2 protein chains.
Amino acid sequence: MPHSPVLCTVDAVLLTLQQGALQVLLARRERAPFAGTWALPGGFIHPQEDADAQASALRVLQDKAGVRPPYLEQLATFSGPARDPRGWSLAVVYCALVPAERLQGLGDGVRLVNVDEVPALPFDHGAIVCQALERVRGKSQYSSLPVHLCGEQFTLPQLQAVYEAVLGEPLNKVSFRRKMDELAMLEPVPGALQGGGAHRPAQLYRLRPAFRRSLSLSPRGL
Amino acid sequence: MPHSPVLCTVDAVLLTLQQGALQVLLARRERAPFAGTWALPGGFIHPQEDADAQASALRVLQDKAGVRPPYLEQLATFSGPARDPRGWSLAVVYCALVPAERLQGLGDGVRLVNVDEVPALPFDHGAIVCQALERVRGKSQYSSLPVHLCGEQFTLPQLQAVYEAVLGEPLNKVSFRRKMDELAMLEPVPGALQGGGAHRPAQLYRLRPAFRRSLSLSPRGL
């Protein structure tokens with residue numbers, strides 16, 4: 001049995017939305033290589049401990065940021081001899097979407113930066129962040145993905161604002177609502193209305209349980 | 001530096017289309033575990049030799065089947081302690097689409113089976129094949145992906161038949177042609193017409209060079 005000398009790691013691209021801006025979580029590296037620099041949170045797979053690479057990514061996010069993301073999907077695996085100065089390495093990369101309300105009180109070793117203000121990152125982390133944004137924006141065209149950036153309950157105008165922030169463009173209200181109907185992923189929260197004031201109170205919605213772990217996909221984009 | 005005991009492998013799901021049926025390539029395993037059984041072609045990553053995991057997959061397909069697929073994309077990475085009896089393992093899985101004309105004269109150790117007649121496979125290869133089909137069918141709804149199952153030149157009715165075989169449903173001719181225009185991935189082969197006979201000769205098309213390695217994506221499905 002050939003024992004492979006490949007370094008097996010995971011990295012996580014954790015995205016959130018604050019004040020209408022998409023943000024990514026960076027962690028300060030405690031160890032070499034690149035000690036002291038900001039990078040994507042990552043670490044080695046621990047075969048004695050981890051049920052699979054996704055479990056490794058969840059462990060890393062818990063350890064480094066104290067966060068357990070409600071939604072996580074595998075982005076891709078990056079590999080080769082040059083991406084890590086320690087040798088031929090492979091990183092299974094996961095993308096996590098987390099509502100901002102779950103990211104209060106982050107510790108010193110982590111911070112959130114706007115995705116269009118990401119500093120130069122070590123390894124191939126810059127390319128990884130680009131690919132994650134491309135995936136999230138692409139999938140947001142035809143799926144329930146952006147809902148995972150919302151809190152538990154939200155109005156349709158709030159949800160539309162989240163889609164617009166992710167896609168980077170305004171959406172037509174009528175076609176947005178038709179699309180939400182087509183995706184059939186929302187349910188009204190019984191008896192829950194928001195606001196009032198000058199406007200008619202707005203119905204609050206939540207994600208249907210079937211779509212907490214898997215996405216609702218539409219055959220046509222927004 | 002913790003040397004990880006993770007077994008690092010690649011597997012390939014090579015798909016082709018013959019007589020209107022989608023087929024997957026299986027290879028007879030020469031070595032334990034599961035020696036003699038049919039499985040997806042796969043093997044260890046060779047860090048001394050491979051530029052990345054994709055290069056490993058191309059090497060494995062060349063060695064086992066003598067095929068260099070013109071189109072290959074990463075599907076996902078499968079990992080955990082139970083999928084391989086030798087220990088905690090990780091397989092970076094690639095999906096290849098190859099025109100049938102490139103698969104003539106395959107050797108004894110490989111064969112093509114219809115995707116709805118795949119036998120029980122070792123490891124988690126059954127689940128991997130399912131996920132590959134789901135990906136290919138999903139992406140075919142809104143991209144140029146199925147073109148990679150065609151030969152170099154094809155008529156629009158031939159291409160429509162390929163899309164229909166992959167998607168498993170008939171498509172409306174008018175909306176199919178509108179979709180092809182929208183994808184802007186085809187160019188007529190100058191002066192090349194097919195057939196005649198009872199019908200008007202049909203223009204032959206080919207994929208535009210820009211889309212040989214990357215897909216053309218449509219914001220709306222077929």
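The values are calculated or read from the model by the stated rules, or taken from the named source; none is laboratory data. Everything quoted here is computed from the prediction, not taken from an experiment. With ideal geometry, Cβ positions are generated from the backbone for all residues, glycine too; neighbour counts draw on all protein chains shown. Protein only, heavy atoms only, side chains kept; ligands, DNA and RNA dropped before computing areas. Shrake-Rupley method; radii C 1.70, N 1.55, O 1.52, S 1.80 Å.
Observations on the model:
- Members of region A:7-28 that are polar (S, T, N, Q) and more than 14 Å from every other protein chain (Cβ to nearest Cβ): A:16, A:18, A:19, A:23
- Restricting attention to region A:69-84, the residues that are within 11 Å of residue A:57 (Cβ to Cβ) and more than 7 Å from chain B (Cβ to nearest Cβ) total 4.
- Scanning region B:48-71 for residues that are assigned to a loop (DSSP other than H, G, I, E, B) and acidic (Asp, Glu) returns B:49, B:50, B:52.
- The set of residues in region A:93-111 being open to solvent by 50 Å² or more (accessible area, probe 1.4 Å) and over 30 Å from residue A:153 (Cβ atoms) consists of A:108 alone.
- Single unsatisfied condition, residue A:53 versus (1) away from chain B (no Cβ under 14 Å); (2) more than 13 Å from the chain's Cα centre (by Cα); (3) of a type in the set (Gly, Ala, Ser): (1)
- Boolean, residue B:48 is within 14 Å of chain A (Cβ to nearest Cβ) and touching a residue at least 40 places away in the same chain (Cβ under 8 Å): no
- Here residue A:90 fits the description: over 23 Å from residue A:213 (Cβ atoms), outside the structural domain of residue A:165 (by TED's automatic domain parsing), in contact with a helix residue (DSSP H, G or I) (Cβ under 9 Å, 6 or more places away or on another chain) and open to solvent by less than 20 Å² (accessible area, probe 1.4 Å).
- Residues in region B:60-82 that are small (Gly, Ala, Ser) and within 21 Å of residue B:17 (Cβ to Cβ): 2 in all.
- Qualifying residues in region A:72-85 (those that are in a loop (DSSP other than H, G, I, E, B) and not charged (D, E, K, R)) - the one surrounded by the most Cβ atoms within 10 Å (Cβ to Cβ): A:81
- Condition met for residue B:87 (more than 9 Å from every other protein chain (Cβ to nearest Cβ) and small (Gly, Ala, Ser)): no
- Restricting the first member to region B:114-135 and to residues that are touching a residue at least 40 places away in the same chain (Cβ under 8 Å), and the second to residues that are open to solvent by 60 Å² or more (accessible area, probe 1.4 Å), the beta-carbon pairs closer than 6 Å and six or more apart or on different chains are B:122/B:34.
- Residues located in region A:157-185, provided they are within 21 Å of the chain's Cα centre (by Cα), open to solvent by 20 Å² or more (accessible area, probe 1.4 Å) and touching a residue at least 24 places away in the same chain (Cβ under 8 Å): A:161, A:165, A:167, A:168
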